[in-house]
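Everything below concerns the one structure shown next.
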Amino acid sequence: MKTLKILEYEWKDLFRGKWIIGYGLIYLLLTDALIRFGGSGPKALLSLTNVMLLFIPLISMVYGVLYLYQAREFVELLLAQPLDRKSLFWGLYGGLSIPLILSYVVGAAIPLGSHGILLSADAGSALMVLGLGAALTLIFIGLGFLLGLSFYEDRIKGLGFSLVIWLFLAVLYDGFILFIVYILGDYPLEKPILAISMLNPIDLARIIVLLKFEVSALMGYTGAVFNRFFGSWVGMAVAFGFILLWLAIPLWRGVKVFAKKDF
Amino acid sequence: MIKIEDLQKSFGKKGVLNGINLDIPRGQATGIVGPNGSGKTTMIKTVLGLVKPDSGRIEVNGVKLNGNYAYRHQIGYMPQVARYPENMTVNELLEFIKSVRGTEAIFEEKLVDHFGLDSELEKPLRVLSGGNRQKVGATLAMMFNPEILILDEPTAGLDPRASTTFKELVHEEKKNGKTVLLTSHIMSEIEELTDHLIFILDGKVRYNGPMQELISKSAGRKLESAVASMMEGAGV
């Protein structure tokens, strides 16, 4: 499998860059600090979730875009070899996402383990937070690749768009929903809001975590609606389904664009 | 053998290739000349499958190109600007391309030796000089003993010694019956290495014939002035 060859190389290259180890260390220190200050209960996990929901999309998407730009000559070199574009795409994608996921998961799991959370009753929730982080990494690297390919010649635009998208999804989105609720408060809003929250993978991940922890006070508007509408298990399953869609659609587009692109 | 029929490609509104027709027989050494931006590199990239043409048909050794890739086993390509993954050492790059290609690199040692790359093998590519990178590019293009060599301005960054070595190697390949496609702005190099000339202007083939014929037509002048007068005649 040629994908594996590329993956193996990317892997080596990334770890030689060392910053990926720093990325894991940040999660290690952060998780450790959160547990020390917040106790080993669900509180620490919720704080970790909040940090993860903010950082993982940013780092994954920006690095996804930059990575494509940086690999430009490499892509050209490889495409002049007997190699199909699909293998190359998956090699690049896997070569970036696997190390990023690993450094997050290992970085966060070490303190979670050493403080005994992974063996406590919260183990399931902890694994879910790790798993959602991995899913968000995959989603946002996919989005980053798609943006990088769409603005292959115009790096500033590609990077700019990824930052704007992150800002919107991670920061402005809640405000946007509250604004809608404020303006249209007299109408039945449950279903439209439900639909809107499907459009944001970060929000979906947050809803899943909050449904799992059953902390409705922290759920925000969309989480509360979700909870009321679906109940926690069905709600979680629906949210998971949409997370998978968020993963599949950008990657499917990305492969298509990559297959047709001029290099 | 490379066969191109009515190849069209535009980037946005700008037509880069406007109906290229070419038939390059096996074993022919062809020089491709033309002013900057005439479409030489784009044409080469369509043959490699790096650029997807808007319309037209390309055949390499009887295989029609349609997004397939196995035909590239027969091609060695040396790009105009050789830039490689920065953290990789030369050795790792060679090994990596070998593993991607999955064939034996029978000329590897010979090429490394000829170009004097031995001392560079363990260095990361980012510290290599431009000329040494070109040598790595030449090694990558030739080490698999491909039937077709596509060289895009190969000697641009090479010092005289490396350039001489390189030309000797190309000469040898030519003698062994390889098909060579070479673009260059250095006419003496074209004259030295190839015996067939293609002149491209505005994405169209304006001249395609034996070099000797062109030189004799222009009354014994050098190739350089013959090509220059072609460019002038076309109003460039």
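The values are calculated or read from the model by the stated rules, or taken from the named source; none is laboratory data. These numbers were taken from a predicted model, which means no experiment stands behind them. Here the Cβ positions follow ideal geometry from the backbone for every residue, glycine too, while neighbour counts run over all protein chains shown.
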Report task. State whether one or more residues within region B:83-99 are of a type outside the set (A, V, I, L, M), touching a helix residue (DSSP H, G or I) at 6+ places or on another chain (Cβ under 7 Å), in contact (Cβ under 8 Å) with a residue 60 or more places away in the chain and within 26 Å of A:W11 (Cβ to Cβ). Result -> no
Query raised in the report: Can you find even one residue in region A:150-158 that is out of contact with any strand residue (DSSP E or B) (no Cβ under 6 Å at 6 or more places or on another chain), at pLDDT 90 or above, surrounded by fewer than 24 Cβ atoms within 10 Å (Cβ to Cβ) and under 21 Å from A:L29 (Cα atoms)?
Result: no
Report summary line: Of the residues in region B:167-176, those that are out of contact with any helix residue (DSSP H, G or I) (no Cβ under 6 Å at 6 or more places or on another chain) and either closer than 13 Å to B:G137 by Cβ or among the hydrophobic types (A, V, I, L, M, F, W, C) (or both) come to B:L169
Report task. Only residues that are closer than 21 Å to A:V209 by Cα and either crowded, with 24+ Cβ neighbours inside 10 Å or without any contact (Cβ under 8 Å) to a residue 24 or more places away in the chain (or both): list them for region A:56-69, please. Result -> A:I56, A:P57, A:S60
Query raised in the report: For region B:60-72, what are the residues that are at the interface with another protein chain (Cβ under 9 Å from one of its Cβ atoms) and either surrounded by 15 or more Cβ atoms within 10 Å (Cβ to Cβ) or in a strand (DSSP E or B) (or both)?
Result: B:Y69, B:Y71, B:R72
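Sort through B:K9, B:K40, B:K13 and tell me the only one that's of a type outside the set (V, I, T), more than 14 Å from chain A (Cβ to nearest Cβ) and buried (at least 19 other Cβ atoms within 10 Å of the Cβ). Spell out the reasoning first.
Numbers: B:K9 fails: more than 14 Å from chain A (Cβ to nearest Cβ); B:K13 fails: buried (at least 19 other Cβ atoms within 10 Å of the Cβ).
B:K40 is the lone residue from the list that is of a type outside the set (V, I, T), more than 14 Å from chain A (Cβ to nearest Cβ) and buried (at least 19 other Cβ atoms within 10 Å of the Cβ).
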Query raised in the report: Just for helices (runs of 4 or more DSSP H) wholly inside region A:151-263: which have at least 3 residues that are more than 14 Å from chain B (Cβ to nearest Cβ), touching a Ser or Thr at 6+ places or on another chain (Cβ under 8 Å) and under 19 Å from A:T137 (Cα atoms)?
Result: A:201-213
Query raised in the report: Just one of the numbered conditions (1) more than 21 Å from A:V255 (Cα to Cα); (2) surrounded by 13 or more Cβ atoms within 10 Å (Cβ to Cβ) is not true of A:S162; which one?
Result: (1)
Query - Long-range neighbours under 8 Å by Cβ, at least six apart or interchain, first residue more than 15 Å from A:M128 (Cα to Cα) within region A:33-50, second surrounded by fewer than 19 Cβ atoms within 10 Å (Cβ to Cβ) - result: A:L34/A:S47; A:L34/A:V51; A:I35/A:H115; A:G38/A:S47; A:S40/A:H115; A:S40/A:G116; A:S40/A:S120
Query raised in the report: Here is a list of conditions, (1) within 12 Å of another protein chain (Cβ to nearest Cβ); (2) out of contact with any Phe, Trp or Tyr (no Cβ under 7 Å at 6 or more places or on another chain); (3) surrounded by 17 or more Cβ atoms within 10 Å (Cβ to Cβ); (4) within 22 Å of A:R155 (Cα to Cα), and A:K2 meets all of them except one; can you say which number that is?
Result: (4)
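Given the options A:R36, A:R72, A:R85, name the one that is surrounded by fewer than 19 Cβ atoms within 10 Å (Cβ to Cβ) and facing another protein chain (nearest Cβ under 10 Å).
On the way: A:R36 fails: facing another protein chain (nearest Cβ under 10 Å); A:R85 fails: surrounded by fewer than 19 Cβ atoms within 10 Å (Cβ to Cβ).
Testing whether each residue is surrounded by fewer than 19 Cβ atoms within 10 Å (Cβ to Cβ) and facing another protein chain (nearest Cβ under 10 Å) leaves just A:R72.
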Query raised in the report: When only residues in region B:73-93 that are outside any loop (DSSP other than H, G, I, E, B) and of a type in the set (S, T, N, Q) count, which is nearest to the other protein chains (Cβ to nearest Cβ)?
Result: B:Q74
Requested in this report: Can you tell me which residue within region A:173-207, out of those that are under 21 Å from the mean Cα position of the chain (by Cα) and farther than 21 Å from A:G235 by Cα, is surrounded by the most Cβ atoms within 10 Å (Cβ to Cβ)?
Outcome: A:F176
Query raised in the report: Within region B:43-59, can you find the residues that are within 14 Å of chain A (Cβ to nearest Cβ) and either in contact (Cβ under 8 Å) with a residue 60 or more places away in the chain or assigned to a strand (DSSP E or B) (or both)?
Result: B:M43, B:I44, B:V47, B:L48
Query raised in the report: Out of (1) in contact (Cβ under 8 Å) with a residue 24 or more places away in the chain; (2) surrounded by 14 or more Cβ atoms within 10 Å (Cβ to Cβ), what's the single condition that is false for B:R26?
Result: (2)
Query raised in the report: Across region A:5-14, what is the number of residues that are surrounded by fewer than 20 Cβ atoms within 10 Å (Cβ to Cβ) and more than 10 Å from every other protein chain (Cβ to nearest Cβ)?
Result: 1
Report task. Output the number of residues of region B:94-114 satisfying the condition of being facing another protein chain (nearest Cβ under 9 Å) and under 17 Å from A:F74 (Cα atoms). Result -> 5
